[in-house]
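Below is one structure, written out as structure tokens; comments come after it.
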Amino acid sequence: MSGRPTLTPGLVVATYGRHCMVERADGSRLICHPRGKKSTAVVGDKVLWLPAATGQGEDGTIEKLQPRRNLFYRQDEIRTKSFAANLDQVLILIAAEPEFSETQLSRALIAAEAERISPLIVLNKQDLTEPFDRAWGWLTAYRDMGYRMLPLSLKDGGGTLEAVKAELAGKTTLVLGPSGAGKSTLTNHLVPGALAATREISQALNTGKHTTTSTTWYWVDKEANTALIDSPGFQEFGLHHIDARHLSGLMPDIKPFVERCKFYNCTHLHEPGCGVMAAVKNDGSVGSISDRRYKIYSDLFAELDASKF
Ligand SMILES: Nc1nc2c(ncn2[C@@H]2O[C@H](COP(=O)(O)OP(=O)(O)OP(=O)(O)O)[C@@H](O)[C@H]2O)c(=O)[nH]1
Ligand SMILES: [Zn+2]
């Protein structure tokens with residue numbers, strides 16, 4: 001009879017619980033579940049899988065995860081983690097309206113920095129001129145920190161969408177953003193039919209129930225060079241995997257001042273001779289740390305430090 005089944009490479013394109021949708025090299029897809037309890041595959045993982053024995057209800061088992069280039073962490077309200085792996089960049093989509101939270105923006109940027117994944121901030125709804133200009137001006141501080149930023153109007157399409165597309169070309173991008181920023185609209189502009197495809201995947205993975213998968217991979221081009229990964233909003237963007245002591249190094253406006261601290265293990269919360277605290281200015285002028293960002297730092301420090309116990 002035939003020999004042993006051979007391990008076949010695949011890409012995880014969606015997950016629901018421990019079930020995964022795996023794409024073969026030819027683009028066809030099948031449902032797999034990981035062998036063993038420990039290994040959990042995430043969207044973007046490259047895996048080796050085997051066909052399941054007949055009658056087991058799934059099409060295959062994931063036998064091996066290939067080493068990851070990076071792993072983006074996110075923790076939701078109930079503290080279950082969901083991630084995506086092997087990313088080139090994270091697109092943080094915010095909008096002129098509804099107003100977004102600076103804390104959530106900072107958290108997403110810190111999560112990206114921690115994995116050395118380049119973030120791209122995109123401010124949508126440029127057609128809403130007045131709130132847009134206000135938000136854009138306010139984000140200047142983030143441009144000054146060195147973050148890439150682009151304006152967008154999904155309503156008007158045109159030039160701004162082309163500029164965003166150019167940043168995505170040839171890369172794997174995770175899209176994050178608060179509810180109402182325009183994530184679904186962006187995905188549908190870039191991948192027509194994306195939402196219908198997601199519903200189908202969700203139903204296949206979750207035995208027909210109408211729930212959406214937490215994270216989904218889409219190919220933007222036929223050649224499969226450009227990929228977009230959609231993820232739910234970031235209301236509760238937990239950073240519990242980050243050590244509080246590493247936080248200052250992950251905030252580019254705070255980092256340069258750390259070397260001025262008197263104590264090498266300064267937490268920048270109460271120590272005398274702290275270079276960070278000395279640089280905090282309430283006007284957020286260039287070459288200083290704004291008091292908003294310092295508050296985000298100190299609140300996060302307390303949260304991350306407490307989460308260890
Ligand atoms: N004025 C304006 N409205 C926009 C623009 N882009 C999207 N919208 C609208 O903003 C609303 C929210 O867009 P969605 O794409 O559903 O936002 P989302 O980020 O997917 O939101 P969730 O599904 O809640 O996570 C919709 O009514 C869109 O039509 C834009 O550029 N300008
Ligand atoms: Zn200090």
Amide H neighbours of Asp45 at under 5 Å, excluding residues fewer than 5 places away on the same chain, with H built from the backbone geometry, are Val12, Ala85
From the cross-link list Lys183/Lys222; Lys183/Lys255; Lys255/Lys295, the entries with a Cα-Cα span beyond 25 Å are Lys183/Lys255
Output for the chain (equivalent-ellipsoid semi-axes, sqrt of 5λ from the C-alpha gyration tensor, Å, descending) is 38, 25, 15
Rounded to the nearest 10, the angle in degrees between the Cα long axis of helix 194-205 and the longest principal axis of the Cα atoms of the chain comes to 60
Unpartnered Cys in the chain, judged by a 4.7 Å Cβ-Cβ cut-off, are Cys20, Cys32, Cys274
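Dipole magnitude of the chain about its Cα centre, charges +1 at Lys/Arg Cβ and -1 at Asp/Glu Cβ only, in debye to the nearest 20?
So the magnitude is around 980 debye.
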Rounded to the nearest 10, the angle in degrees between the Cα long axis of helix 291-306 and the longest principal axis of the Cα atoms of the chain comes to 50
The set of residues whose placed amide H lies less than 5 Å from the amide H of Val280, leaving out same-chain residues fewer than 5 positions away, is Ile289
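Counting each DSSP H run of 4 or more residues in the chain as -39500 (n - 2.57), what helix-only mean residue ellipticity at 222 nm follows after dividing by all residues, to the nearest 500 deg cm²/dmol?
Value at 222 nm, helices only: -7500 deg cm²/dmol.
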Where a ≥ b ≥ c are root eigenvalues of the Cα gyration tensor, a/c under 1.5 meaning rounded, otherwise prolate if a/b exceeds b/c and oblate otherwise, region 244-306 counts as oblate
Connecting every pair of Cα atoms under 10 Å apart in the chain and solving the GNM, the largest mean-square fluctuation among Gln89, Gln66, Gln126 falls on Gln66
Relative contact order of the chain (C-alpha contacts under 8 Å, at least 6 apart) in percent is 15
Between the Cα axis of helix 159-168 and the main Cα principal axis of the chain, the angle (0 to 90°, nearest 10) is 70
Under the rule rounded for a/c under 1.5, else prolate if a/b exceeds b/c, else oblate, using alpha carbon gyration tensor axes a ≥ b ≥ c, region 8-65 is classed as rounded
Of the candidates Ile289, Leu87, Leu186, the farthest towards the positive dipole end of the chain (Lys/Arg Cβ +1, Asp/Glu Cβ -1, centred on the Cα centre) is Leu87
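Readers should treat all values here as calculations from the given coordinates under stated rules, not as data from a laboratory. For clarity, every value in this text was computed on a predicted model and none was experimentally measured. FYI the Cβ positions are ideal-geometry reconstructions off the backbone, even for glycines, and counts take in every protein chain you see.
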